[in-house]
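The values are calculated or read from the model by the stated rules, or taken from the named source; none is laboratory data. If you're wondering where the values come from, they're calculated on a predicted model, not measured in any experiment. Virtual Cβ from ideal backbone geometry, glycine too; neighbours counted across all protein chains shown.
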DNA sequence: CATGACGCTAATGTTGACATTCGGACAATC
DNA sequence: GATTGTCCGAATGTCAACATTAGCGTCATG
């Protein structure tokens, strides 16, 4: 190995320079999750292009990314708009998520390294800290999502991660809505449920892990449906 | 209910006019599945635009569709290319597919109408007919995929169908490869396995349907891995 | 001979202009 | 009065030119 002058190696798998399309997608996603565009609201290409200071083509490509994430929907010559949150949509998303989480948990149980497991513990601790202080719903939801991101990362299946990405933002949006409607129920359960999951990934038998992962999603599902009109 | 004069209502959900991007995607996908572009082979935008007689922008958008299907992969300023078929890729795709098929089967068992079930029977019959004659691998695989399309349609979950679409073309490509390598094994099992699945969707208990659907995918997985280098 | 810098080329990334389509307002018709 | 036909504006779909980048051969250099 060659001696180093710099204190730390890059360690990043290529700085992954991104194009304007990715940047645009990030900014628009942010705006949607911040509630600046209501569910069902239109996303006009010219408006966005002007607001972001890029060309329509780049915005267009950014919207494709968001469509792949299921956050927006577009139709021929009728433009792009944010998805709404009907009970039917919620049912669909959580059904798929349950199946994916089940596979992710089963797989991660076998493939997770000690680093991965430590990461999960750290995230649970962060949730607990958030609740102990003056809890902000949005931050708590972000940690929740991050936890599941970590599980998918540990499972190390690119196609599975890709499938998760296709529902991830929708789950994020739904959970945000859930927190906005009734915070107490969510706050009371998050930490314990995730702690249990993390523990089972360390040392649980396959069936228990599978059932718990599914039940975790169903719990979130019920919690949201109960508060929704 | 109001009396009708017309024998049947239109029932068409809009003729769904498509743009050049979709057409381009279709033609390119066709070319890939026909083997005209080898796994790992490059897909140059200018070439394709010239060949299809459309602008680069449309081709670019078409390639995005194929990327969403997982059939091609692209990187910043490094272009788009067809995926290869490594054992690792096969493992990933079939693991995800097993999870999705499991959910689709469980759901379809409850939501399928008589029409859906009849469609499944018809497809099984078509497979049997194909084998009885002079069987062509490509046609048999197409029927196989169509069968599973029908199951997903019966499950009536747009997100689930979307997730299936993200692996569908890859499965198609893999099965095509499988048939090209060793036809006998596949031919011997297809009809029976699908007939069993169709029967269970009519009248099987939940657990049996789930396990059979998973096992069906695993069987295909093993069959391919055995023949692969 | 190995190594690193330099520059070229072929491809993609980005842009603004032009063509097409959708949905609604309004008027004509039965 | 409801339906059908026509027009209009606004938005998206499409295109071809320009800017940027990665890969690679070449060359000087230790």
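In the range A:63-78, how many residues are on the phi > 0 side of the Ramachandran plot and surrounded by 14 or more Cβ atoms within 10 Å (Cβ to Cβ)?
Going through the range A:63-78 one residue at a time, the tally reaches 1.
Find the helices (runs of 4 or more DSSP H) located wholly in the range A:84-203 whose residues include 2 or more that are under 16 Å from the mean Cα position of the chain (by Cα) and within 14 Å of another protein chain (Cβ to nearest Cβ), and list them.
Qualifying helices (runs of 4 or more DSSP H): A:87-111, A:137-155, A:158-181.
If you take the residues in the range A:35-50 that are closer than 24 Å to residue A:87 by Cβ and away from DNA strand C (no atom under 16 Å from the Cβ), which one is nearest to the other protein chains (Cβ to nearest Cβ)?
A:39
When you look at residue B:73, is it within 14 Å of another protein chain (Cβ to nearest Cβ) and touching a residue at least 60 places away in the same chain (Cβ under 8 Å), yes or no?
Spelling it out, it is not the case that residue B:73 is within 14 Å of another protein chain (Cβ to nearest Cβ) and touching a residue at least 60 places away in the same chain (Cβ under 8 Å).
Within the range A:54-66, is there a residue that is over 16 Å from the mean Cα position of the chain (by Cα) and assigned to a strand (DSSP E or B)?
No, the range A:54-66 contains no residue that is over 16 Å from the mean Cα position of the chain (by Cα) and assigned to a strand (DSSP E or B).
Quick one: is residue B:11 modelled with pLDDT of 95 or more, more than 9 Å from DNA strand D (Cβ to nearest atom), away from chain A (no Cβ under 11 Å) and out of contact with any helix residue (DSSP H, G or I) (no Cβ under 8 Å at 6 or more places or on another chain)?
No: the conditions fail for residue B:11.
So which of B:80, B:107 is modelled with pLDDT of 95 or more, within 13 Å of DNA strand C (Cβ to nearest atom) and farther than 15 Å from residue B:168 by Cα?
B:80
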